[in-house]
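Everything on this sheet refers to the single structure shown next.
Read the figures in this text as sums done on the coordinates, not as results from a lab. Here the structure is a predicted model, which means the values were calculated and not measured. Because the Cβ atoms are built from the backbone with ideal geometry, glycine has one as well, and the counts that use them run over all protein chains shown.
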Amino acid sequence: MRKFDLVVVGAGISAGSLVFNLLKQGFTGSILVVERGDKIAYGPTAFSAGGFRNLWTTEINQQLCTKAIGLLKSFQDDMGVSCGYDPCGYLFTYYAKGWAKVPMAADIWSKNGVNFDLLSPEQIEAKIPGLKCAVDHMDEEVREFLGFEPIVGGVFGRDCGSFDPSQAAVGYFERAMTDYAAKPVLQLNTEVLQVTFDGAKASGVVLKGADGSEERVEAGMVACCTGPWINELLKRSGLPDADLCPVISQKRMMFITDFPGHPHEDERWHQIPLTIIDQGIYFKHEAGNLMIGKARKDAPDSFDTTFEPDYYRDEVNLPMQERIPSTAVCKLKSGWGSLYDTNSADHNAIVGWHGNHPGLLLQVGYSGHGAMESPAVGIALAELIITGKYQTVDCTPLRWTRFQEGALVHEKIVI
């Protein structure tokens, strides 16, 4: 029977950051990384929009993302590979009701050294070609049907932007497997059927290979970087409902289109920030195209990733062209469906040791924040494993036991 000091379930950016930072901090134990796909960043990491921002109102998210932004900025110099770092900025737009909450958030950002600008409607329109903050150009019935109101202001995060989480994940694993004597073992095309326990303590995993064969592996610790599949794994492992995570799996789709006016589009489209407008529609430039997303409200708990082109036409492009009329002609070129591991309790990550099971480490429930927070969380969890405590960023607020303690982590303004 094989035995490892640590088994890591999953090979996305969260797992990559954890493994690399463990080795960087001096961990000399044996590590097995298990991924059911055929490559690193096989799952949600590969399909993330890759945005990063430090516009948060909770201290923990603020600290993690500020740290992560610095890491992403220097990623190529530090790691020797590019992560596609693009400090294009983030632009949130607001109706009057939401804008009234911005001064409270702005005070928090100012106290924490966040670089941001509060924009007028005219300044917003100057950043996004063809966007109209008013609503007088819209058909009244359509406007009422869509629930549109005038955009009265915006927040622009100057240190925010986007990157390629897949490239970052590959970079982490490549460095981990080439730079350190305690080279981790990466096992692809292998599913973790269950975590095994010695009493309450995690003691190993049962694996299923591509040929259907099963293998029991002993482990001193098991780190679950499984995204939306966390509860499926814990249930198969025999854990009761009380020991599960408040995580559901929700489909999220991304759409790739031409820029408005292609092939003679306004060149300003190539410099737009990642922008969020009505109904939660967000978009950014992506390799000469426009990448657009919109979460389906109250998406069911499901592992379905079926791509729905009609959703772009009916639920994305229809409202988007009301705000930016020129996008009516944006041709859908491609797209995909993937999954969020949504924390239904407070929409923030679950990080650290499982409260009822020693040796079981959790890094799940990011609710769409995983790509941007993982670079910093990996450092924090490596510190927790090696020294027994957090040092760089105290992730205690994200502990699993907060749900039993009533210590949820809520953002003060939904952005």
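Computed from the C-beta positions of residue 208 and residue 386, the FRET efficiency with R₀ = 30 Å rounds to 0.45. Sorting 81, 7 by the number of Cβ atoms found within 10 Å of their own Cβ, with the fewest placed first, yields 81, 7.
Between the amide H of residue 393 and any residue lying 5 or more places away or on another chain, no distance stays under 5 Å, with hydrogens modeled in the peptide plane.
Extension gain, residue 262-residue 232: 0.36 nm per intervening residue step, less the Cα-Cα distance, totals 6.3 nm. Rg then Dmax, both in Å and based on the Cα atoms of the range 130-277: 24.4, 67. Less than 5 angstrom separates the built amide H of residue 252 from those of 338, 339, 340, all sequence-distant by 5 or more or on a different chain.
Peptides 210-221, 170-181, ordered by how many other C-beta atoms sit within 10 Å of their residues on average, highest first, read 170-181, 210-221. On alpha carbon coordinates alone, what is the Rg over Rh value for the range 85-203, Rh being the Kirkwood radius? Ratio of gyration radius to Kirkwood radius: 1.23. The 3J(HN,Hα) values that the Karplus relation (6.51, -1.76, 1.60; θ = phi - 60°) gives for the range 145-155 are, in residue order, 4, 7, x, 6, 10, x, 7, 9, x, x, 10 Hz. Gly and Pro appear as x. Where does the Debye-calculated log10 I(q)/I(0) of the range 99-165 sit at q = 0.22 Å⁻¹, using only Cα point scatterers of equal weight, no solvent? With no solvent term, the Cα-only Debye profile gives -1.00.
Every Cα-Cα pair in the chain was counted, and those over 41 Å apart are 16% of them. Note on the range 316-390: along the principal axes its Cα atoms extend 56, 23, 21 Å, ordered by decreasing extent. Note that the range 207-220 has calculated 3J(HN,Hα) couplings of 9, 10, x, 4, 8, x, 6, 10, 9, 9, 10, 7, 8, x Hz, one per residue in order, obtained from phi through the Karplus relation 6.51 cos²θ - 1.76 cosθ + 1.60 (θ = phi - 60°); glycine and proline are x. This ranking places 257, 196 by how few other beta-carbon atoms lie within 10 Å of each, fewest first, which gives 196, 257.
Please report the antiparallel percentage of the DSSP beta bridges confined to the chain, to the nearest 5.
Antiparallel bridges: around 70 percent, rounded to the nearest 5.
Derived scalar couplings between HN and Hα for the range 178-189 equal 10, 9, 10, 5, 7, 4, x, 8, 9, 10, 8, 6 Hz in order, rounded to whole Hz, by the Karplus curve 6.51 cos²θ - 1.76 cosθ + 1.60 (θ = phi - 60°), x for Gly and Pro.
Semi-axes, largest first, in whole Å: what does sqrt of 5 times each Cα gyration tensor eigenvalue give for the range 16-159?
The answer is 39, 20, 14 Å, longest axis first.
By the beta-carbon count within 10 Å of each Cβ, the least crowded to most crowded order of 241, 159, fewest first, is 241, 159.
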